[in-house]
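The values are calculated or read from the model by the stated rules, or taken from the named source; none is laboratory data. Values in this document were obtained by computation on a predicted structure and should not be read as measured data. Please note: Cβ atoms are built from the backbone with ideal geometry, for glycine as well, and neighbour counts cover all protein chains shown.
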């Protein structure tokens, strides 16, 4: 039996363009969700969403330290990058589509299906017998991971007013940060045992707990007035197809640019230009008279300065985070010669310092209702931490690289919970699902570029150094060239050569990683400058949504009777 029911108390309609800021800021409308937020079921959903995001968090980072062990058994050559790129491509490209499904079919069943998709992808990866099967499994995982990241933001947006949203997202992201923190360590520890398949199988029990928790507690309202045919007609199939194809074309170009093919080669330029042309076509289609009734990414989301700036900075921030997550392990394993498990431990400070700063950022956002200064400070810490990364070498002591990660972690944490509310603030409450899905698409697309761009920079720099005879051993040179350096970034690989060659190999890795971090300054600097032009839009304190916790009719009636104001009673009935 379907557990979702139509809301018995629809949201009171306001005149289009009506300004409720004065009413909200003056406190004339009572807070409609206090009881809901203190209920057991509300917190069960929050914890369930946290466990669900733990799946994505583990899989985003667990593979970074286990990759050398996986690739040793399933060699992919310069196609190794598709183990991560297929994951991020599908994660990004399908988020807007899944966001539309949430509006059409409700949150509950879409969320449960997303968890199942992720578990299925994990099983395919764990049982992979070829590199192509592994990549296919990662693609399926990516669809699930992108859906998880998107749907938890949508559900929290349904349950909590914008002003306090950061507090609850912080609870979920603390669980997410635990997964991000432990991911590299778990991946390294599993790799050390020689059974890398448990890097993926570990998601099966976690996914089972997540599914069970959400199945029993995630009962929310949505409109069921339309039949299935009418609902299916609302989906923007052509827009989604253009978006997926354009994203794939750009990623193909970035994957091999500077390694298999030169940047000036037609193999790089054709898919790159086709991808950008596809994005232009997508924009034209979505804003034309032939546009669907419900565009996958409505153009109205980007009609104000702040949302545009926050969208760009979301992309840049996501890219910069993965810039570190994927190349700090390379540094620790190939330059400092740490084992996979040791490299995982070395990454813990970065995620560990992100947790308290994320909580501080959320608390400041809820208390002050302003986000511009938080973003400026966050990117400032990011700049300082990333600048210190350029000092990393073969002899950098533990205390120094811990401090470097501390500063970067503070910056990343301050931005973690505050970019989405800033993107949502200038937009109508009715656009929150579309805005959340679009924001998550932008963030995940940033992750794709945050892996592909530094990978291309890294491989290109290694090839230049190899061409300059920086490594005298011909076998080592041939293995490191043409995109092989990332695949062989391990202490075991380096230590099989003579001490002299080891020194040369470590120097090549150090110089290539230095170039990766130096180039990232252009992206951080742009983000910091853009943050200066944001505008602090007041964050709403009341919640207007047709979605909310399912509640028995008599309870809704009782809630309405508590208020003498019929408008307030209607608002209370919308969040169940």
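Looking across region 386-406, the residues that are under 15 Å from residue 514 (Cβ atoms) and in contact with a helix residue (DSSP H, G or I) (Cβ under 8 Å, 6 or more places away or on another chain) come down to 386, 387, 388, 389, 390, 391, 392, 393, 394, 401, 404.
To keep it simple, each residue is scored yes or no on (1) within 25 Å of residue 316 (Cα to Cα); (2) part of a loop (DSSP other than H, G, I, E, B); (3) outside the structural domain of residue 408 (by TED's automatic domain parsing).
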| position | (1), (2), (3) |
| --- | --- |
| 476 | no, no, no |
| 492 | no, no, no |
| 503 | no, no, no |
| 523 | yes, no, no |
| 539 | yes, yes, yes |
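Just to verify a result, which residue in region 470-483, among those that are farther than 12 Å from residue 501 by Cβ and touching a helix residue (DSSP H, G or I) at 6+ places or on another chain (Cβ under 7 Å), is surrounded by the most Cβ atoms within 10 Å (Cβ to Cβ)?
So the first thing to find is which residues in region 470-483 are farther than 12 Å from residue 501 by Cβ, and the list is 478, 481-483.
Next cut, touching a helix residue (DSSP H, G or I) at 6+ places or on another chain (Cβ under 7 Å) only: 481-483.
Numbers: 481: 18, 482: 15, 483: 25.
The qualifying residue surrounded by the most Cβ atoms within 10 Å (Cβ to Cβ) is 483.
So in region 406-417, with the set limited to residues that are in contact (Cβ under 8 Å) with a residue 60 or more places away in the chain and more than 14 Å from the chain's Cα centre (by Cα), which one is surrounded by the fewest Cβ atoms within 10 Å (Cβ to Cβ)? Please lay out each step first, then the result.
Of region 406-417, the ones in contact (Cβ under 8 Å) with a residue 60 or more places away in the chain are 408-409, 412-413, 415-417.
Within this subset, residues satisfying the condition of being more than 14 Å from the chain's Cα centre (by Cα) are 408-409.
Numbers: 408: 27, 409: 25.
Among those that are in contact (Cβ under 8 Å) with a residue 60 or more places away in the chain and more than 14 Å from the chain's Cα centre (by Cα), it is 409.
Taken over region 28-74, the criterion of being at pLDDT 70 or above, in contact with a helix residue (DSSP H, G or I) (Cβ under 7 Å, 6 or more places away or on another chain) and not in a helix (DSSP H, G or I) is satisfied by 74 alone. The helices (runs of 4 or more DSSP H) found entirely in region 285-399 that carry 2 or more residues being under 19 Å from the mean Cα position of the chain (by Cα) are 305-334, 348-352, 354-368, 372-389.
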